[in-house]
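**Q** First, the structure itself, so that you have it in front of you.
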Amino acid sequence: MANSLPAEFDVVVIGTGLPESILAAACSRSGQRVLHLDARSYYGGNWASFTFSGLLSWLKENQQSSDVGDGSTAAWQDLIRETEGAISLRRRDETIQHAEVFCYAGQDVGDNSTEETEDLQKSPSFAASGTLTKPLDAACLAEETHSYVTSFEMPAKDTPNNDGEALLEVTDTKETQVKEKKYHGDETCVHTVSDRDKDENKPVVEGNTDPPKGNRITYSQIVQEGRRFNIDLVSKLLYSRGLLIDLLIKSNVSRYAEFKNVTRILAFREGKVEQVPCSRADVFNSKELTMVEKRMLMKFLTFCLDYDRHPDEYQDSIQCSFAEYLHTKKLTPNLQHFILHSIAMTEPSCTTLDGLKATKKFLQCLGRFGNTPFLFPLYGQGEIPQCFCRMCAVFGGIYCLRHQVQCLVVDKESRRCKAIIDHFGQRINAEHFIVEDSSLSEDTCANVQYKQISRAVLITDRSVLKTDSDQQISVLMVPPAEPGTCAVRVTELCSSTMTCMKDTYLVHLTCSSSKTAREDLEPVVKKLFTPWVETEVDEEELTKPRLLWALYFNMRDSSGIRRSSYNGLPSNVYVCSGPDWGLGSEHAVEQAETLFREIFPGKDFCPPPPNPEDIVYDGDDKQPEASGANNVFMAKPELSEGSKNIESLQN
């Protein structure tokens, strides 16, 4: 299989995380020959989404022993010439630590249908022994049956309109009609569509699909409907006016995904969960605020929208924390809490300037696609890297999963990387190499100081704030319990996001690590949820949602690492970091664009694909018209798969 790969490329990308996938798409779109590799069997790296059984398989892989050679080192060393050196790469990802799983849901009597159920019940403190299955749903990407693929099959719905406007499909919560809106002069059409239109895109569910009797959800029920789950390794949302949304629209990659509005911003205060008013109408309809507080809040938020024009208002507090600054504005404790934790969504210790900037960003994102500033991609955050991989494949990029890279080959004289050697022993040459941080060896990263992210994934039986609708997508910031600790961000997803089964909620908790994930996050879990085993009471007596299943783990945060921190990195090797703990994906987009402009100065970063009428193929008898249109000339030998995909998308 290795012999069928070309030996020459312009760019080799190792890792399929979000920044690497954006870079691969940008390079392919600019006409570069791109080879995109990943040693994993799934797309996305630490940005991936898994079905329930896929998540158990992922946990099992992370249980295995650390980076161990397989005796093939001598084989690739024989391919290194006298004038060359080699930088070995890590054989497996070691960015996940302290993974712990707890199952609280009961077991059906006499049900031995799955190995996962039996093993988990035997060892509730840690269970990662699920049956090995394909980690990603086949609906997400073309099925991987070989060592490499050259393109993705595009569904019919991906065919763009020819009206020249960028499309971003957003599924409205009510989902009762199709409508188009334009905001603030943006050239963006927002399409809201009904769930009925999405039935054909839902993953196939094996086993019983009826909800359990009495709403008592068992672990075996979760396993049987495991393909209903799409569980993100990293919990992110998209700012409606953020860099990622702008890039998705600009590049037309938004056609490959659908989004839902986040419906609620919540606050946790004095042991209670409350809804935070976002829009002007919400503020004046709120029963949590007095009339005086409503006026004070509107006045302060109006100031935050153009705070940079009034530096005299905050100049004296520039050295203070944002929490101290809010106190000087004589806002009530209620308002200070809402602004700090639910609007700015920052730590109490953040600076006044950072707090004002975060508040302004929140306000600017309101109203573009809904009443909150945030969107969530259907089927999980893992869809976004795959969307950019599709764009890369459409323009000729070659994809290889389960493809290990042994080393980078470096010319001793020029100190530039010349090639890679893969696990087949094939030498593949290129001009530029993009590598995810987790692939670099311990020697290369010896001087790097990494941070850690604490993560928890929960399956619960109802929302943290019950309302008439059971299809709410909520964001909640839980303030730090004591000084010196971090606030915890909670994202609660309902079944209409296609991330969990009916009658359950998928809850993500995230904070910057100070201890293990369980030590950091379990106190917050106990505040918000009640384990199933403790709930032998009537439904009416329950004040908290019941916790069915929980996973804790720590993830490496490699954002903010300077290039100079890596040892012996060749000048044409560029490193992409993994996810940070922030709410949005701004850092990944900024990093991808910065590296692209460094590699290809002067080239456009992820421009939209050409209109079909502007494509003129070499060898066509028809001559291009003499008009001023920007025709795009493309070679047309025997229509590669990538070219077929271009034609299908454009027609």
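The values are calculated or read from the model by the stated rules, or taken from the named source; none is laboratory data. What you see is a predicted model, and the numbers here were worked out from it, not measured in a lab. Here the Cβ is made from the backbone with ideal geometry for all residues, glycine too, and neighbour counts use every protein chain on show. In case anyone asks, the SASA skips ligands and DNA or RNA and just uses the protein heavy atoms, side chains included. Shrake-Rupley method; radii C 1.70, N 1.55, O 1.52, S 1.80 Å.
**Q** Since residue 442 meets every condition but one in (1) modelled with pLDDT under 95; (2) in contact with a strand residue (DSSP E or B) (Cβ under 9 Å, 6 or more places away or on another chain), which condition does it not meet?
**A** Of (1) modelled with pLDDT under 95; (2) in contact with a strand residue (DSSP E or B) (Cβ under 9 Å, 6 or more places away or on another chain), only one is false for residue 442: (2).
**Q** Hey, can you tell me all the residues within segment 302-334 that are among the aliphatic types (A, V, I, L, M) and touching a Lys or Arg at 6+ places or on another chain (Cβ under 9 Å)?
**A** Matches in segment 302-334: 305 only.
**Q** Among the residues of segment 245-255, write down those that are buried (at least 21 other Cβ atoms within 10 Å of the Cβ) and either under 19 Å from residue 581 (Cα atoms) or not basic (Lys, Arg) (or both). Even if it seems obvious, please write down each step before you answer.
**A** In the first step, residues of segment 245-255 are kept if they are buried (at least 21 other Cβ atoms within 10 Å of the Cβ); the result is 245, 247-248, 251, 253-255.
Those that are buried (at least 21 other Cβ atoms within 10 Å of the Cβ) and either under 19 Å from residue 581 (Cα atoms) or not basic (Lys, Arg) (or both): 245, 247, 248, 251, 253, 254.
**Q** Residue check: is residue 525 over 22 Å from the mean Cα position of the chain (by Cα), within 17 Å of residue 489 (Cα to Cα), at pLDDT 95 or above and not polar (S, T, N, Q)?
**A** Taking the combined requirement at face value, the residue satisfies it.
**Q** Among the numbered conditions (1) in contact (Cβ under 8 Å) with a residue 24 or more places away in the chain; (2) within 24 Å of residue 507 (Cα to Cα), tell me where residue 425 comes up short.
**A** It is condition (2) that residue 425 fails.
**Q** Now, a different point. Among the numbered conditions (1) of a type in the set (Lys, Arg); (2) open to solvent by less than 60 Å² (accessible area, probe 1.4 Å); (3) part of a helix (DSSP H, G or I), tell me where residue 260 comes up short.
**A** Among (1) of a type in the set (Lys, Arg); (2) open to solvent by less than 60 Å² (accessible area, probe 1.4 Å); (3) part of a helix (DSSP H, G or I), residue 260 violates only (3).
**Q** Also, quick follow-up: Please go through segment 387-404 and pick out each residue that is open to solvent by 10 Å² or more (accessible area, probe 1.4 Å) and of a type outside the set (Gly, Ala, Ser).
**A** 390, 395, 398, 402, 404
**Q** How many residues, within segment 225-255, are within 15 Å of the chain's Cα centre (by Cα) and among the aromatic types (Phe, Trp, Tyr)?
**A** Residues in segment 225-255 being within 15 Å of the chain's Cα centre (by Cα) and among the aromatic types (Phe, Trp, Tyr): 1 in total.
**Q** Could you check segment 532-556 and list, in sequence order, the residues that are of a type outside the set (Ser, Thr, Tyr), at pLDDT 70 or above and over 28 Å from the mean Cα position of the chain (by Cα)?
**A** 532, 542, 544
**Q** Within segment 351-392, take every residue that is without any contact (Cβ under 8 Å) to a residue 40 or more places away in the chain and in contact with a Ser or Thr (Cβ under 7 Å, 6 or more places away or on another chain) and give me the one that is nearest to residue 27 (Cα to Cα).
**A** If we take residues in segment 351-392 being without any contact (Cβ under 8 Å) to a residue 40 or more places away in the chain and in contact with a Ser or Thr (Cβ under 7 Å, 6 or more places away or on another chain), then 358 is nearest to residue 27 (Cα to Cα).
**Q** Within segment 263-299, can you find the residues that are within 17 Å of residue 365 (Cα to Cα), assigned to a helix (DSSP H, G or I) and open to solvent by less than 20 Å² (accessible area, probe 1.4 Å)?
**A** 283
**Q** Then there is this: If you go through segment 315-333, how many residues are part of a loop (DSSP other than H, G, I, E, B) and either touching a Cys at 6+ places or on another chain (Cβ under 7 Å) or buried (at least 19 other Cβ atoms within 10 Å of the Cβ) (or both)?
**A** Going through segment 315-333 one residue at a time, the tally reaches 1.
**Q** Within segment 43-86, how many residues turn out to be modelled with pLDDT of 95 or more and outside any helix (DSSP H, G or I)?
**A** Counting residues in segment 43-86 that are modelled with pLDDT of 95 or more and outside any helix (DSSP H, G or I) gives 6.
**Q** Go through segment 349-381 and count every residue that is surrounded by fewer than 23 Cβ atoms within 10 Å (Cβ to Cβ) and among the polar types (S, T, N, Q).
**A** Residues meeting the conditions: 5.
**Q** Hey, could you check segment 300-314 for residues that are of a type in the set (Ser, Thr, Tyr) and at pLDDT 90 or above and say which is most open to solvent (accessible area, probe 1.4 Å)?
**A** 302
**Q** Six or more apart or on different chains, Cβ atoms under 7 Å: show the pairs whose first residue is in segment 565-592 and more than 27 Å from residue 420 (Cα to Cα) and without any contact (Cβ under 8 Å) to a residue 40 or more places away in the chain and whose second is of a type outside the set (A, V, I, L, M) and open to solvent by less than 20 Å² (accessible area, probe 1.4 Å).
**A** Short answer, once both residue conditions are applied: 587/559.
**Q** In segment 1-39, what residues are open to solvent by less than 10 Å² (accessible area, probe 1.4 Å), β-branched (Val, Ile, Thr) and over 21 Å from residue 254 (Cα atoms)?
**A** If the condition is that a residue be open to solvent by less than 10 Å² (accessible area, probe 1.4 Å), β-branched (Val, Ile, Thr) and over 21 Å from residue 254 (Cα atoms), then 11, 12, 13, 34 are the ones that fit.
**Q** Taking segment 334-345 only, how many residues are closer than 14 Å to residue 584 by Cβ and open to solvent by less than 20 Å² (accessible area, probe 1.4 Å)?
**A** Total satisfying the criteria: 1.
**Q** Something else about it: Within 27 Å of residue 531 (Cβ to Cβ), polar (S, T, N, Q), in contact (Cβ under 8 Å) with a residue 40 or more places away in the chain and in a helix (DSSP H, G or I), is that true of residue 220?
**A** yes
**Q** Out of 601, 570, 579, report the one residue that is crowded, with 20+ Cβ neighbours inside 10 Å, in a loop (DSSP other than H, G, I, E, B) and either hydroxyl-bearing (Ser, Thr, Tyr) or out of contact with any Ser or Thr (no Cβ under 7 Å at 6 or more places or on another chain) (or both).
**A** 579
**Q** In addition: When the residues of segment 500-517 are narrowed to those that are small (Gly, Ala, Ser) and not in a loop (DSSP other than H, G, I, E, B), which ends up nearest to the chain's Cα centre (by Cα)?
**A** Ranking the qualifying residues of segment 500-517, first place goes to 512.
**Q** Would it be correct to say that residue 499 is modelled with pLDDT of 95 or more, among the β-branched types (Val, Ile, Thr), surrounded by 22 or more Cβ atoms within 10 Å (Cβ to Cβ) and farther than 30 Å from residue 591 by Cα?
**A** Details: modelled with pLDDT of 95 or more: yes; among the β-branched types (Val, Ile, Thr): yes; surrounded by 22 or more Cβ atoms within 10 Å (Cβ to Cβ): yes; farther than 30 Å from residue 591 by Cα: no.
No, not satisfied.
**Q** Right, here's the next one. Assess whether residue 386 counts as being within 23 Å of the chain's Cα centre (by Cα) and modelled with pLDDT of 95 or more.
**A** yes
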